[in-house]
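The values are calculated or read from the model by the stated rules, or taken from the named source; none is laboratory data. Being a predicted model, the structure only gives us computed values, none of them experimental. Cβ placement follows ideal geometry from the backbone for every residue including glycine, while neighbour counts extend to all protein chains displayed. Areas reflect the complete protein model, heavy atoms only, side chains present, ligands, DNA and RNA absent. Shrake-Rupley method; radii C 1.70, N 1.55, O 1.52, S 1.80 Å.
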2 protein chains.
Amino acid sequence: MSPANFLNKNPKNNRRENLADRIYGQIKDMIFNFELLPGDFFSEADIAERFQASRTPVREALYRLRREQYVDVHFRSGWQVKPFDFQVFEELYDVRILLEEAAIDRLCAMTETPEPLQELRDFWLADASEWITDIRLSEKDREFHSQLVAAAGNREMHQIHRDISERIHIIRRLDFTKDYRIEATYEEHGAILEAIAHHRADHAKRLMAAHIAVSRDEVRKITIHMLQEARARHLDASNNDSNDLSQNS
Amino acid sequence: MSPANFLNKNPKNNRRENLADRIYGQIKDMIFNFELLPGDFFSEADIAERFQASRTPVREALYRLRREQYVDVHFRSGWQVKPFDFQVFEELYDVRILLEEAAIDRLCAMTETPEPLQELRDFWLADASEWITDIRLSEKDREFHSQLVAAAGNREMHQIHRDISERIHIIRRLDFTKDYRIEATYEEHGAILEAIAHHRADHAKRLMAAHIAVSRDEVRKITIHMLQEARARHLDASNNDSNDLSQNS
DNA sequence: GTGCTCTAACTTGTATACAAGACAGAGCAC
DNA sequence: GTGCTCTGTCTTGTATACAAGTTAGAGCAC
C-alpha cells in the first residue's frame, strides 16, 4: 500500500481512446438498434470476436452495461439482454416528471433567466419554417429536457436525469416517427418555456407532466409494435441459425 | 454471434460468491473508514497484494467504484480516492429531499397504510426505554428513509434513493455521535410518520425537509472535523512511509 | 545550486492461459 | 419411447504475460 512513484503530482490527461469504452458504446448501439433483442443470449467470446478484441475489454464493457440494467450475467452460462419491462419504463417516466417539475420550480424561482434557457427559446419558439422534422428532432428533444434540468443548477440531479433519459431513450426516440408528434413537441416545448419565462411554475409543471405523459403513452404503443416486428424479422433471418429469441417478460 | 450451447434454457443460480464483489466491498469499507483518505493515490497492484488476489477482480471492483464516483483512474498513473466535494453532498441532499417528499405525497394519497409503514411506526414511536442509542441507530435511520421511499411503490425511485443514500452515508453516519441528535431523530421520525398517517402531506413534507436539512448541516461540520483528524492521524502514522496525503479539494 | 537528459521502475490497458462449473446430446439400459 | 449416466464443449471467473506510456530521480554539464 505504499506507492513509490507518483507521489505529489496531480496527474492529468485523464481521458484517452479506450477499447473498453468503444465496445461499451457499440454493444449499446446493437441493443438500441435491436440487433441484440431483449431476451437474447450471447457470450463474451461472441462479442470479442465480433469486435476483434480480447475478452478483457469486452468484460469491462458488459459489466458496465449490467450496472446500467441493460444486460444480465448468468454464472458460467452466458449473458442476456434484459427483457423489456414496461413497468420499469413507467416508473422511470414518473421519476423524470418529478425531476423536471423540480427543475421548473427552481427555474421559476430565479430572478433572471439563465443563458441556456434563452437558447432553448430561440430553438423551440422559432418559426415553423425553420422546424426540424426528421429523426434528429429526437436528439433535440433530449437536449431540451436535459438542458432544462441542467439550468436548474443541481449537477447531481442533472446526472440522474441524464441516466434516466438514456435508459428510456431506447424507446423514447420511436416517438418521432409520427408527424403530429413533431408538431405537438414544438408547441408543448414552446408553451413550457413561455410559462417558465413568466414564472408560472404551476402552469409550467402541469404542461410538462402532461407532455411527458403523452410521450410515454405514445411510446408504449409504438414500442410493442416495433418489438413484434423486430422479433418476426429476426426469426425470419435466422431460420437455419441457432439464435435464441425467448422473451420472458 | 451464434451461441451453440445454452439455447432455450432459462438460467438460474445467478448469484455466487464473487471475488470482485468482495473486493469491491472491502475497498469501499476502507474508504468509509478513512483507511484510504480522499485524495490518496494507490495502484491496482497495491490492492491486489493487500487482498491476495490478482489485478483482474481488483480492476473490476475499481471500475465499479469509479462509476459510483468514489475513485478516479489516471491513465497509466494510478488511482485516486476522490477528494471530498461538499457541493456534491449538498446537491445529493437536495435530491434526497425531493425524492422523499415525492414519496410522502404518494403515501398520503393512499387510502390504506402499507404494511412497511406500520413496522416503521412500531420502531420509531416506541417508548424511550426501548430506544437504540449507539451507532446502530445510523443503520436504522437509513432504513427509515429507504423504506419510506420503497413503500411509495416506485422501484426505480427507490433504487436511485438507495444509491444517493449510499453515497452520502460516508458522512451521514457521523451524525450519530452526539446524543441530542439521537433524541431528535426519534422525535422527528415519529412526527413524520404521524403526519403521514393523518394524510397531512404538506406538514409531513415540511417536517421531512427540515429533518434532512438539519442532518445535512450537522454532518457538514462534523465531517470537516473528522477529516482534519484523520489526516493528522495518517500523517503521524506514516512518517517514514511514503504515502501521499495531498487533499486537493 | 540549476537545469537538462536519460533511464529504470513503476503505472494501466489489453491479450492470453488456466480453473472450474453448466449443459446439450450421445449412448445405453429397459 | 423414456430416463439415466457420461463426456466433450461450452461458459464465466481468475491469474498471468505482455504492451505502451508516465514519472521520479540519478548523473552530468555548467
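Do we find that B:PRO38 is assigned to a loop (DSSP other than H, G, I, E, B) and open to solvent by less than 20 Å² (accessible area, probe 1.4 Å) in this structure? Steps first, answer last, please.
Values: assigned to a loop (DSSP other than H, G, I, E, B): yes; open to solvent by less than 20 Å² (accessible area, probe 1.4 Å): yes.
Spelling it out, B:PRO38 is indeed assigned to a loop (DSSP other than H, G, I, E, B) and open to solvent by less than 20 Å² (accessible area, probe 1.4 Å).
Restricting attention to region B:71-83, which residues are of a type in the set (Lys, Arg) and within 7 Å of DNA strand D (Cβ to nearest atom)?
Residue satisfying the conditions is B:ARG76 alone.
Is it fair to say B:ARG50 is at the interface with chain A (Cβ under 9 Å from one of its Cβ atoms), open to solvent by 40 Å² or more (accessible area, probe 1.4 Å) and within 16 Å of DNA strand C (Cβ to nearest atom)?
Against the criterion (at the interface with chain A (Cβ under 9 Å from one of its Cβ atoms), open to solvent by 40 Å² or more (accessible area, probe 1.4 Å) and within 16 Å of DNA strand C (Cβ to nearest atom)), B:ARG50 qualifies.
For A:ILE168, which of the numbered conditions (1) more than 28 Å from B:LEU92 (Cβ to Cβ); (2) touching a Leu at 6+ places or on another chain (Cβ under 9 Å); (3) at pLDDT 75 or above fails to hold?
Of (1) more than 28 Å from B:LEU92 (Cβ to Cβ); (2) touching a Leu at 6+ places or on another chain (Cβ under 9 Å); (3) at pLDDT 75 or above, only one is false for A:ILE168: (1).
Looking only at region A:71-88, which residues are in a loop (DSSP other than H, G, I, E, B) and either open to solvent by 20 Å² or more (accessible area, probe 1.4 Å) or within 16 Å of DNA strand C (Cβ to nearest atom) (or both)?
A:PHE75, A:ARG76, A:SER77, A:LYS82, A:PRO83, A:ASP85
Rundown of residues vs (1) over 11 Å from B:ILE27 (Cβ atoms); (2) among the hydroxyl-bearing types (Ser, Thr, Tyr); (3) within 11 Å of chain A (Cβ to nearest Cβ), yes/no style:
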position: B:ARG64; (1), (2), (3): no, no, yes
position: B:VAL73; (1), (2), (3): yes, no, yes
position: B:VAL81; (1), (2), (3): no, no, no
position: B:ASP85; (1), (2), (3): yes, no, yes
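Kindly check whether there is at least one residue in region A:89-110 that is away from chain B (no Cβ under 12 Å), surrounded by fewer than 17 Cβ atoms within 10 Å (Cβ to Cβ) and not in a helix (DSSP H, G or I).
yes
What is the residue count in region B:81-101 for residues that are over 17 Å from B:VAL71 (Cα atoms) and in contact (Cβ under 8 Å) with a residue 12 or more places away in the chain?
Number of matching residues: 9.
Being within 8 Å of DNA strand D (Cβ to nearest atom) and assigned to a loop (DSSP other than H, G, I, E, B) is the filter here, so list the residues in region A:45-70 that pass it.
Of everything in region A:45-70, nothing turns out to be within 8 Å of DNA strand D (Cβ to nearest atom) and assigned to a loop (DSSP other than H, G, I, E, B).
Quick check on my filter: what residues within region B:196-214 are assigned to a helix (DSSP H, G or I) and free of Cβ contacts under 8 Å to residues at least 60 places away in the same chain?
Within region B:196-214, B:ASP202, B:HIS203, B:ARG206, B:LEU207, B:ALA210, B:HIS211, B:VAL214 meet the criteria.
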